[in-house]
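Q: Below: one structure in structure tokens.
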Amino acid sequence: MKVWKEKKKFLSSITLDVVALIVSVIIFIVPFVFILLMASKTRQEAALFEFTWPSEFQLFENILKVLGYHNNRMLLALLNSTIITISSVTLIVLFSSLVSFVMQRRADRMASVVSSIMLAGLIIPPAIVPTIFLLKSLHIYKSLFGMIMVDVAYTMPFAILIFRAFMGTIPRELDEAAIIDGIPPLRIFSSIILPLLRPAIVTIVVTSSVTIFNDFVGPLYFLPGSKNVTAPLTLFSFTSQFSSQWNLLFADVLIITIIPLIIFIFFQKQLISGMTSGAIKG
Amino acid sequence: MFFLVPTALAFYFSMTRWTLFDATFIGFDNFIAFVSDPMLMGGLRNTIIYAVLTSGLKTVTAILLATLITMRLRLKGLFRGIIFFPVLVSTIAIGITFSSLMQPTEGLINVTLGFLGLPQPDWLGNPRLSLYSVAFVDVWKGVGIATVIIMAGIVAIPQTYFDVTKLEGGAWVRFRHVILPLVRNATYTVILLSFIGGLRSFDLIWAMTRGGPGFASDVLTSLIYKQYQAGFYGLSTAGNVVLFILVTAIVYPLMRYFNRREIEI
């Protein structure tokens, strides 16, 4: 009797899992399957928008076509996006770890002023035209460098938030001991603090590279021109050019979706813990 | 160290000061133009509807999902992963995908609805629906991060609270009297984050409707872009300032209120 009851309990708990799995697959996975199917179809078949298996599997041809389209525009876009992402993430980690080290270790007026500016930076929507004006007067408008600087400025508040929270867990005695030993401040930072910050650095690298890589609004305003195209922007300009070639448009969507998927598979834990830890302290 | 940091800071300042100080240089003509234009006021209204709707739906769904996942389901990691993944995908890519899924005649959503014998509305073409359709996709994309935050909140609740409810009361008591009050901090975070996100969102709306049909789903950010494209920089910046005032006027008091009501576990 008891065994039977337990079996029933186990079965009912499994049922809920199965039902939830089916529902979540329908709601969250079907759109991605749809992308894959559309990207593998021929032009005529894709125009029907049907959720069916392609009669001719053309995924690789479609992807090659998208990559080679318009003098390898897509390859250029991926290259530009990679350059922007890697350089801005490097600068973000460098600057914000230094800033948050100082902010966390001294509690004077300056630190509190800076921290309220950072809070403002998290909330306030950036003013676009003035920023363009500023970039123009510095002669870095429409350049990858200018875009990198803007990305660094927009992402730093979030990075500093995470670094500061993490820095609080590193005991102050550690740097005091180093000061007594006569080690110069910059070396204290580089050889004692920085290695200890590793988990926070991984978090910031992963989260901010996904955001910057996917950023659409930034390049739309600050990086016009076909030479400077970035990955999400290709989708946008392809919507008009590929309006009758949905298979190619979805091949493009697929290329752009695969990159975060790879990052997600490798860094799922850091990503989720990083995004929540920053959020909860905010 | 004392050289690099001020440089980094000065650099950061130079980017943000513009946002803050520009308000003084505009003059009031742009604002008068803004307020008297019904299209722009419609955008203002849509922005508020969009932000309230998305953040409300995200918060409620996230609390339910997080409770279900942490309390009842075995494959926690798998569900978390499935729900979280859309957060990482390019918004434009999602917008394009859902525009095709929401196609009035051949799109998967309407084909399914037709199969079930339900009405098949024109999700994006109907001016009274389009804003809500986009908001729905926004919830789909963003609920993952909200759920993960609430889940972190639930996991932080000490086990003793749950042990008490095991003795008296069932699942409902556990949800109503333990989880809901004790994840309050996480809930506040979710509301704030998704509200700010909703007020500022642009890419999804632009990818799916471009503010259309007509101006039915225009929000402040899409109007800012339209004015910018048309060369009305002053008006565009005025829109930016309105957005800035809106965000600050709503978010700052909300944040103060939430901070006061925050609890220590």
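Q: Report, largest value first, the span of the C-alpha coordinates of segment B:138-265 along each principal axis, in whole Å.
A: Computed over segment B:138-265, the largest-to-smallest principal extents equal 67, 30, 19 Å.
Q: For the pair A and B, how large is the buried accessible area, both sides, in square angstrom to the nearest 100, if the probe is 1.4 Å? All intermediate terms of the calculation are to be shown ahead of the outcome.
A: Numbers: alone 17160 and 15740 Å², together 25960 Å².
Buried area (both sides, nearest 100 Å²): 6900 Å².
Q: Next up: What average count of beta carbons from other chains do you get within 10 Å of the Cβ of residues in B:66-75?
A: Per residue, the number of nearby Cβ atoms from other chains is 3 on average.
Q: Also, quick follow-up: For B:Arg184, what is the net charge nearby, where nearby means another residue's Cβ is under 10 Å from its Cβ and Lys, Arg count +1, Asp, Glu -1?
A: The answer is 0.
Q: Where a ≥ b ≥ c are the square roots of the eigenvalues of the C-alpha gyration tensor, would you call segment B:72-214 rounded, which needs a/c under 1.5, or, failing that, prolate if a/b is larger than b/c, or oblate? It would help to have the intermediate numbers written out before the result.
A: Working: a/c = 2.57, a/b = 1.94, b/c = 1.32.
It is prolate, given that a/c is not under 1.5 and a/b is the larger ratio.
Q: Next question. How large is Rg/Rh for segment A:189-273, to two decimals, with Cα atoms and a Kirkwood Rh?
A: Answer for segment A:189-273: 1.13.
Q: Right, here's the next one. Taking only DSSP H segments of four or more residues, each worth -39500 (n - 2.57), what value at 222 nm results for the protein assembly as shown once the sum is divided by all its residues, to the nearest 500 deg cm²/dmol?
A: -24000 deg cm²/dmol
Q: Count the net charge of all other residues whose Cβ sits under 13 Å from the Cβ of A:Val89, scoring Lys and Arg as +1 and Asp and Glu as -1.
A: -2
Q: Across bins of 10 angstrom width beginning at 0, how are the C-alpha pair distances of the protein assembly as shown distributed, in whole percent?
A: That works out to 3, 16, 26, 27, 17, 8, 2, 0, 0, in percent per bin.
Q: What dipole magnitude, in Debye to the nearest 20, does segment B:98-168 give about its Cα centre under +1 on Lys/Arg Cβ and -1 on Asp/Glu Cβ? Let's see the in-between values first.
A: Details: 3 positive and 5 negative charges, 15 e Å.
Using Cβ point charges on Lys, Arg, Asp and Glu, segment B:98-168 gives about 80 debye.
Q: Considering only A:Ser112, A:Val152, A:Leu94, whose Cα is most displaced toward the positive end of the charge dipole of segment A:61-153, charges sitting on Cβ of Lys, Arg (+1) and Asp, Glu (-1)?
A: Value: A:Ser112.
Q: Could you check the spin-label model distance between B:Arg72 and B:Ala249? Points 7 Å from the Cα along Cα→Cβ, value in nm.
A: Here the modelled spin labels are 4.2 nm apart.
Q: Something else: Quick one: accessible area per residue over the protein assembly as shown, 1.4 Å probe, rounded to a whole number of Å²?
A: The answer is 47 Å² per residue.
Q: Using a 1.4 angstrom probe on heavy atoms only, work out the carbon and sulfur share of the accessible area of the protein assembly as shown in %.
A: 69 percent
Q: Still on this model: Can you give the mean number of other chain Cβ atoms that lie within 10 Å of the Cβ atoms in peptide B:237-249? Could you put the intermediate results ahead of the total?
A: Numbers: counts 5, 1, 3, 7, 2, 0, 4, 5, 0, 1, 3, 4, 0.
Mean partner-chain Cβ count within 10 Å for B:237-249: 3.
Q: Rounded, prolate or oblate: which fits segment A:1-143, taking a ≥ b ≥ c as square roots of the Cα gyration tensor eigenvalues, rounded meaning a/c under 1.5, else prolate when a/b beats b/c?
A: oblate
Q: So how far apart, in nm, are the two label points at B:Ala156 and B:Leu64 if each is 7 Å from Cα heading toward Cβ?
A: 2.5 nm
Q: At 7 Å along the Cα-to-beta-carbon direction for both B:Ile49 and B:Phe258, put a label point, then send me their distance in nm to one decimal.
A: 2.5 nm
Q: Given axes a ≥ b ≥ c from the Cα gyration tensor, I'd like to know whether chain A is rounded (a/c under 1.5), prolate (a/b larger than b/c) or oblate.
A: Oblate shape, in that a/c is at least 1.5 and b/c is the bigger or equal ratio.
Q: Which residues of segment A:39-61 bury at least 40 Å² of accessible area once all protein chains are present, versus their chain alone (1.4 Å probe)?
A: A:Phe49
Q: Now, a different point. What does the structure give for B:151-161 when I average, per residue, the other chain Cβ atoms found within 10 Å of the residue Cβ?
A: On the way: counts 2, 7, 2, 0, 0, 1, 0, 0, 0, 0, 0.
Neighbouring Cβ atoms belonging to other protein chains average 1 per residue here.
Q: Just how far, in whole angstrom, is segment B:190-265 from segment A:47-114 if you go by their alpha carbon centroids?
A: 23 Å
Q: Follow-up question, since we're still on this one. Tell me the volume per residue, in Å³, of the convex hull enclosing the alpha carbons of segment A:96-196. Could you put the intermediate results ahead of the total?
A: Values: hull volume 12.8 nm³, N = 101.
So the per-residue Cα hull volume is 127 Å³.
Q: Shifting gears a bit: Calculate the FRET efficiency for B:Tyr233 and A:Arg109 from the Cβ-Cβ distance with a Förster distance of 35 Å, rounded to the nearest 0.05.
A: Details: r = 37 Å, r/R0 = 1.05.
After rounding to 0.05, the efficiency reads 0.45.
Q: Here is a follow-up. For B:Arg210 and A:Lys136, FRET efficiency with R0 = 41 Å and r from the beta-carbon atoms, rounded to 0.05?
A: On the way: r = 27 Å, r/R0 = 0.65.
Approximately 0.95, to the nearest 0.05.
Q: Also, I was wondering about something else. Note the full-extension length gain between A:Ile29 and A:Lys8 as 0.36 nm times their separation in residues minus their Cα-Cα distance, in nm to one decimal. Numbers along the way, then the final one.
A: Numbers: separation 21, 0.36 × 21 = 7.56 nm, distance 3.01 nm.
That pair, A:Ile29 and A:Lys8, stretches by 4.6 nm at full extension.
Q: Segment A:216-239 to segment B:125-176: how many Å between their Cα centroids?
A: So the separation of the two Cα centres works out to 35 Å.
Q: Any chance you could check the Cα centroid distance between segment A:128-171 and segment B:51-69 for me, in angstrom?
A: What the calculation gives is 31 Å, centre to centre.
Q: Another question, then. So if I place +1 on the C-beta of Lys and Arg and -1 on the C-beta of Asp and Glu, and nothing else carries charge, what would the dipole magnitude of chain A be about its Cα centre? I want it in debye, nearest 20. Mind showing how you got there, number by number?
A: On the way: 21 positive and 14 negative charges, 103 e Å.
Approximately 500 debye in magnitude.
Q: Let me ask you something else. For A:Trp53, what charge total do you get from the other residues with a beta carbon under 13 Å from its beta carbon, if Lys and Arg give +1 and Asp and Glu give -1? Don't jump to the answer; show the numbers that get you there.
A: Values: positive: A:Lys41; negative: A:Glu45, A:Glu50, A:Glu56.
Charge balance in the 13 Å sphere: -2.
The values are calculated or read from the model by the stated rules, or taken from the named source; none is laboratory data. From a predicted model like this one, the values you see are computed outputs, not experimental measurements. Virtual Cβ from ideal backbone geometry, glycine too; neighbours counted across all protein chains shown. Protein only, heavy atoms only, side chains kept; ligands, DNA and RNA dropped before computing areas. Shrake-Rupley method; radii C 1.70, N 1.55, O 1.52, S 1.80 Å.
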